[in-house]
Each structure stands twice: as structure tokens, then as C-alpha cells.
Amino acid sequence: MTDYKEVRTTEHEQGREQRVATFKATQLIWLLLGILETVLALRFIFKLIGVNAANPFASFLYNLSGFFVKPFASLTGAPETAGMVFEFSTLLAMIIYGLAGWGLERLVFLLIYRPRGPRTVSQTTVAEHTPPQSTSSGSQTTTTTTEHKDN
């Protein structure tokens, strides 16, 4: 037979779970903000090109986005001509929600994130040698453990 060698490596790093949680939380914030910004951008475009508000999709979009635009609706006027509306309030909402989402993401990052800490690496080496001519169980096993710490 041939020589057999197996090396097992395990690594433990402090704060890794918190970094993963930070990554997932910030990605969720960006996902939700991206969806909101897309809905608001569609509303702005639909209003700008004068999409029929009686259309079921347009009606759904206007009802969904209306909740988010309502706080900004009375801040500025909306010039209108031939059914086409330039909604400054929607653009303003997009900017403010974008800034608020970015601020929330930074806040989550600052509160949860932990920088890389020391890590411990352990290696276990198992070597098994089988004599080529023997059929008996004359195998030999060696185990070596090495620990390494990085700062």
C-alpha cells in the first residue's frame, strides 16, 4: 500500500459571529432601501410621463408609494401639464430616505461591528503507514497538535 497522511486544521477567531451579523444586517438595510428607492423612482417616472392612474399596476404603485411620499407632498408644488406631473416631493423623498438609510446602516455598523481579533489555528496531523508486504494490522498513527495565535 501507500503512505497515508491527513492534516486537519481548525480556526477560531474572536468577534467573527458579530462581523457576520453586521454584514447581514447592513445588507438587509441596503436591500430594503433599494426596494423603496425603486418604487419611488417608478412613481416619479410614471407621474412624469403621465401613466393612466386607472391602470391596476399604476394604481397599486401610487397607493404603495403614496405612504412614503405623503410627508413631503406639501413642501413644494408639482408643475403639471396635460396629465404629466413633475413631483419634486418624490425626488425629495428619495434623497431623504437615501440619506436616512445610509445613516441607519452606518449606525448598525458602528454598534455591532467588532474588528478582527486574535485567531487561534490548530492543526492535527495524522500519519498512518501500512507495510507493503504485511496483511496484519501493523499501522502506526501519529497525532501532532500545533496552536498559532495572530494579533
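The values are calculated or read from the model by the stated rules, or taken from the named source; none is laboratory data. Worth saying up front: this structure is predicted, and the values here are computed from it rather than measured. Reconstructed Cβ throughout: ideal geometry from the backbone, glycine too, with neighbour counts over all protein chains shown.
List of remarks:
- Scanning the stretch 31-66 for residues that are aromatic (F, W, Y) and surrounded by 13 or more Cβ atoms within 10 Å (Cβ to Cβ), we see that the one that is nearest to M94 (Cα to Cα) is F44.
- Test result for A127, assigned to a loop (DSSP other than H, G, I, E, B), at pLDDT below 95 and surrounded by 12 or more Cβ atoms within 10 Å (Cβ to Cβ): no
- On inspection, L28 does not qualify as hydrophobic (A, V, I, L, M, F, W, C), in contact with a Ser or Thr (Cβ under 9 Å, 6 or more places away or on another chain) and at pLDDT 85 or above.
- R43 meets all of the listed conditions (1) within 30 Å of A21 (Cα to Cα); (2) assigned to a helix (DSSP H, G or I) but one, namely (1).
- If you go through the stretch 67-83 and keep only what is exposed (fewer than 11 other Cβ atoms within 10 Å of the Cβ) and either in contact with a Phe, Trp or Tyr (Cβ under 8 Å, 6 or more places away or on another chain) or not assigned by TED's automatic domain parsing to the domain that holds A93 (or both), you end up with L75, G77, P79.
- Some residue of the stretch 91-110 being modelled with pLDDT under 95 and either closer than 30 Å to E6 by Cβ or over 28 Å from the mean Cα position of the chain (by Cα) (or both): no
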